[in-house]
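Asker: After the structure tokens below, expect a handful of questions from me.
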Amino acid sequence: MDFNSKLPNVKTTIFTIMSKLAKEHHAINLSQGFPDFDTDKELIELVTKAMKKGYNQYAPMQGVFALREQISEKFNNLYQSTYRPDTEITITSGATQAIFTIISAFIKKDDEVLIFKPAYDCYEPAIDLQEGKPIYVQLEGPEFRIDWQKVKQLITDKTKMIIINSPHNPSGTIWSNEDMVALENLVKDTNIIVLSDEVYEHIIFDGKQHQSLCLFPHLKERSFIVASFGKTFHNTGWKVGYCVAPKALMHEFRKAHQFNVFCVNHPMQIAFAEYLKNENNYLSLNNFYQEKRDLFLNGLQNSHFKFTPSQGTYFQLLDYSAITDESDVDFAKRLAIDHQIAAIPISVFNKDGLDQKMLRFCFAKKEETLQKALKVLCSI
Ligand SMILES: Cc1ncc(COP(=O)(O)O)c(C=O)c1O
């Protein structure tokens, strides 16, 4: 049957390919971005308690109010920024659904959407489905700095949205205050909407501060911030996240959201509302993951891989150009098959598959997993 695919370029994702290879070859899987340790028992107990108390039917469309209140308080405490729980915060089925719904709600045919490459892979298919047009800004490693003059040249009267992501998957870089100010100057006095993917907000290293978009008034007034409890609380399988935006934007978002999922897992929301009351549950993450990053990088000192330490996220890029000139996809496959270690080639996140001879490794793993991986990586 010829149904004329709306997404002819979407193929099996590299995550599925690498995870399958990892399984077949009993490889240590540092490819996909999820922890190999469990979520906090206290949180599991809170979910169980909520289920036993009967929170098993539809939640409110916007999300459980107590949870939205806690999120509002978090923005106030961390960034002195106000988002009203009734009109400016919505609970979503992970960050992915928030992103998909934002794009669906605002992007029309031929609207241009600026994306910085390498980029997480869920942005473009959502734009394609709306017949929007992704416009790419390709950044180059190891620093992935932004040339704002070049970005300015890409803005047209058709630019409807700019998608940003800091801390950044896959590069592990973070945006500076100067980057945020440059973006603010660029969009001020335009109708451009900014989608800020901040799912790694609480995973940032070396005492650096997360430059949340809400800290910049001219950005905040035109933007969505997207977050993920899965990334923050080690339960990516629960798929709960949220987005915040000024009232008028959120009103438009909810029109699409209610016919997309309508609402999100009820008992999990009740549990997160309680769990968020202890800010240590998210503020301790920086140190927790920095220790893992440091363990991983110290162990690689005598390897043939080159690296710039990740500044945030739980990903580390390793440059393998001193080992082989194979393409990153070939080398990643060979690593999984011959050395039993799976990683992600970053060309899949780049414009036109640009190969920068780098692989992305996820270090959200137990110490023993990282030690095993280091042994292999140092032998290559
Ligand atoms: C940058 C980025 N945004 C969004 C997501 C999706 O988050 P969620 O699992 O909450 O849908 C991920 C997951 O890997 C990510 O890395």
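Asker: Got a sec? Which of Ile163, Ile174 is within 23 Å of Leu78 (Cβ to Cβ), open to solvent by less than 50 Å² (accessible area, probe 1.4 Å) and touching a Gly at 6+ places or on another chain (Cβ under 7 Å)? If you could, list the steps in order and put the result at the bottom.
Answerer: On the way: Ile163 fails: touching a Gly at 6+ places or on another chain (Cβ under 7 Å).
Just one listed residue meets the conditions, Ile174.
Asker: Restricted to the range 64-87, and to residues that are open to solvent by less than 50 Å² (accessible area, probe 1.4 Å) and of a type in the set (Phe, Trp, Tyr), which residue is nearest to Ala248 (Cα to Cα)? Show your work before the answer.
Answerer: Of the range 64-87, the ones open to solvent by less than 50 Å² (accessible area, probe 1.4 Å) are 64, 66-68, 70-72, 74-75, 79, 81, 83, 85, 87.
Now drop any that are not of a type in the set (Phe, Trp, Tyr), which leaves 75, 79, 83.
Values: Phe75: 19, Tyr79: 21, Tyr83: 12 Å.
Looking at residues that are open to solvent by less than 50 Å² (accessible area, probe 1.4 Å) and of a type in the set (Phe, Trp, Tyr), I get Tyr83.
Asker: Between a residue in the range 33-49 that is farther than 11 Å from Trp238 by Cβ and any residue that is open to solvent by 60 Å² or more (accessible area, probe 1.4 Å) and more than 16 Å from the ligand (Cβ to nearest atom), which pairs come within a Cβ distance under 7 Å, given they are 6 or more apart or on different chains?
Answerer: As it stands, the answer is Asp36/Lys366; Phe37/Lys366; Leu46/Glu274, since those pairs meet every condition given.
Asker: Among (1) free of Cβ contacts under 8 Å to residues at least 40 places away in the same chain; (2) surrounded by fewer than 17 Cβ atoms within 10 Å (Cβ to Cβ), where does Asp328 come up short?
Answerer: Condition not satisfied by Asp328: (2).
Asker: Keeping to the range 329-344, report how many residues are under 23 Å from Glu143 (Cβ atoms) and touching a Gly at 6+ places or on another chain (Cβ under 9 Å). Let's see the steps before the verdict.
Answerer: To start, the set of residues in the range 329-344 that are under 23 Å from Glu143 (Cβ atoms) comprises 331-332, 343-344.
Of the ones still in play, those that are also touching a Gly at 6+ places or on another chain (Cβ under 9 Å) are 344.
The qualifying residues number 1.
Asker: Given the condition open to solvent by less than 20 Å² (accessible area, probe 1.4 Å), farther than 30 Å from Met161 by Cα, in contact (Cβ under 8 Å) with a residue 40 or more places away in the chain and within 16 Å of the ligand (Cβ to nearest atom), answer yes or no: does some residue in the range 238-245 qualify? Working first, answer last.
Answerer: Filtering the range 238-245 down to residues open to solvent by less than 20 Å² (accessible area, probe 1.4 Å) leaves 240-245.
Subsequent filtering for residues that are farther than 30 Å from Met161 by Cα retains none.
Looking for residues that are open to solvent by less than 20 Å² (accessible area, probe 1.4 Å), farther than 30 Å from Met161 by Cα, in contact (Cβ under 8 Å) with a residue 40 or more places away in the chain and within 16 Å of the ligand (Cβ to nearest atom), one finds none in the range 238-245, hence no.
Asker: Residues being β-branched (Val, Ile, Thr) and surrounded by fewer than 22 Cβ atoms within 10 Å (Cβ to Cβ): count how many of those fall in the range 246-269.
Answerer: Result for the range 246-269: 1.
Asker: Residues that are more than 23 Å from Phe272 (Cα to Cα): list the helices (runs of 4 or more DSSP H) wholly contained in the range 136-247 that include at least 1 such residues.
Answerer: Details: elements: 148-154, 177-187, 217-220, 229-232.
It comes to 148-154, 177-187, 217-220.
Asker: Taking the range 128-144 as the search range and keeping residues that are at pLDDT below 95 and open to solvent by 60 Å² or more (accessible area, probe 1.4 Å), which one is nearest to Met180 (Cα to Cα)?
Answerer: So the residue we want is Glu143.
Asker: Kindly evaluate Lys231 against the criterion of being charged (D, E, K, R), within 13 Å of the ligand (Cβ to nearest atom) and either under 22 Å from Lys53 (Cβ atoms) or open to solvent by less than 10 Å² (accessible area, probe 1.4 Å) (or both). Quick ask: steps written out before the conclusion?
Answerer: Working: charged (D, E, K, R): yes; within 13 Å of the ligand (Cβ to nearest atom): yes; either under 22 Å from Lys53 (Cβ atoms) or open to solvent by less than 10 Å² (accessible area, probe 1.4 Å) (or both): no.
No, not satisfied.
Asker: Hey, another quick one. So if I check each of Phe100, Phe3, Phe34, which one is in contact with a Cys (Cβ under 9 Å, 6 or more places away or on another chain) and in a loop (DSSP other than H, G, I, E, B)? Outline the logic, then answer.
Answerer: On the way: Phe100 fails: in a loop (DSSP other than H, G, I, E, B); Phe3 fails: in contact with a Cys (Cβ under 9 Å, 6 or more places away or on another chain).
Exactly one of Phe100, Phe3, Phe34 is in contact with a Cys (Cβ under 9 Å, 6 or more places away or on another chain) and in a loop (DSSP other than H, G, I, E, B), namely Phe34.
Asker: In the range 281-319, which residue that is in contact with a strand residue (DSSP E or B) (Cβ under 8 Å, 6 or more places away or on another chain) and under 30 Å from Ile71 (Cβ atoms) is surrounded by the most Cβ atoms within 10 Å (Cβ to Cβ)? Spell out the reasoning first.
Answerer: So the first thing to find is which residues in the range 281-319 are in contact with a strand residue (DSSP E or B) (Cβ under 8 Å, 6 or more places away or on another chain), and the list is 286, 293, 296-297, 300, 305-312, 314-319.
Within this subset, residues satisfying the condition of being under 30 Å from Ile71 (Cβ atoms) are 286, 293, 310-312, 314-316.
On the way: Asn286: 18, Arg293: 24, Ser310: 29, Gln311: 19, Gly312: 27, Tyr314: 25, Phe315: 25, Gln316: 25.
Selected residue: Ser310.
Asker: Going by the structure shown, is Pro125 open to solvent by 30 Å² or more (accessible area, probe 1.4 Å) and away from the ligand (no atom under 16 Å from the Cβ)?
Answerer: Working: open to solvent by 30 Å² or more (accessible area, probe 1.4 Å): yes; away from the ligand (no atom under 16 Å from the Cβ): no.
No; evaluated as a whole, the condition is false for this residue.
Asker: Let me ask something additional. Which number in (1) open to solvent by 10 Å² or more (accessible area, probe 1.4 Å); (2) within 15 Å of the ligand (Cβ to nearest atom); (3) among the charged types (D, E, K, R) marks the one condition that Asp197 misses?
Answerer: All conditions are met except number (1).
The values are calculated or read from the model by the stated rules, or taken from the named source; none is laboratory data. Bear in mind that the values here come from a model prediction, so they are computed numbers and not experimental data. Glycine gets a Cβ as well: all are built from the backbone with ideal geometry, and neighbour counts include every protein chain shown. For the accessible areas, the whole protein counts, side chains as well, though only heavy atoms, and no ligand, DNA or RNA atoms are used. Shrake-Rupley method; radii C 1.70, N 1.55, O 1.52, S 1.80 Å.
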